[in-house]
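Peer 1: Okay, here's the structure, questions in a sec.
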Amino acid sequence: MSPDENPTADPANTPNAINEVFRYYQVSGATLHGRSSTTGYAYDGVSCAHVTAGTGTGRILNTELLLPDGAVIKYLRVYYQDTNAVNGVEEYITRYQPGIGASDLVHAGSEDAFNSGYGYVVSAEIAETVNNTNDTYSLIGWPDDANINNQICGLRVAYYAPPGGATFLPSIYKTP
């Protein structure tokens, strides 16, 4: 079982087992877009996309990561198609303090020597509590090469919902 899958807790053997279960925020490679105007990219089918033009940070594909305040991010899972024996694909969850700075919270990617086609990899565990008042979050896909041999097919974030069941939408009340 991958570390970002919900384990089954046996209360008889684990009396203090946490009752929380992972929730998932998932995006397909098809929804990623170039971070720079110099980034060229193409959709390859079955949710995968690759960079066609760009160098260095000009190869970055990204999208926003929208989680509720107080959610705790635990893992990033990356789905990819890698048939390049020399280079791979890299993915990040990045936290931005608008106008101040940025930091990569976690990284995952295919091995540069991997060239066996479709695969996925799960990041190391983190414990980032989402703070939408001060920070914004982004999912980044960064192929090592601008070619069809390094495709990003999807990104999945495993997280715990905020305490108290907070949701994105405001409560709606009908007035009499």
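Peer 1: Using a Förster distance of 25 Å, how high is the FRET efficiency between ASN131 and SER36, based on the Cβ-Cβ distance and rounded to 0.05?
Peer 2: That gives a FRET efficiency of 0.40.
Peer 1: Here is a further query. Tabulate in residue order the Karplus-calculated ³J(HN,Hα) for region 96-105, using 6.51 cos²θ - 1.76 cosθ + 1.60 with θ = phi - 60°, rounded to whole Hz; enter x for Gly and Pro.
Peer 2: 10, 9, x, x, 10, x, 9, 8, 7, 7
Peer 1: Rounded, prolate or oblate: pick one for region 24-71, where a ≥ b ≥ c are the square roots of the eigenvalues of its C-alpha gyration tensor, a/c under 1.5 means rounded, and failing that, prolate if a/b is larger than b/c, else oblate.
Peer 2: Note, shape of region 24-71 comes out oblate.
Peer 1: When ligands, DNA and RNA are left out and all protein chains stay put, how many square angstrom of accessible area per residue does region 30-87 have with a 1.4 Å probe?
Peer 2: 41 Å²
Peer 1: State the percentage of accessible surface on region 38-154 attributable to carbon and sulfur atoms; use a 1.4 Å probe and exclude ligands, DNA and RNA.
Peer 2: 51 percent
Peer 1: Among ALA85, ILE100, TYR120, whose Cα sits farthest toward the positive end of the charge dipole of region 82-133 (+1 at Cβ of Lys/Arg, -1 at Cβ of Asp/Glu, about the Cα centre)?
Peer 2: ILE100
The values are calculated or read from the model by the stated rules, or taken from the named source; none is laboratory data. Quick caveat: nothing in here was measured; it's all calculated off a predicted structure. Cβ atoms come from the backbone with ideal geometry, glycine included; neighbour counts cover every protein chain shown. Surface areas here come from the heavy atoms of the whole protein model, side chains and all, with no ligands, DNA or RNA. Shrake-Rupley method; radii C 1.70, N 1.55, O 1.52, S 1.80 Å.
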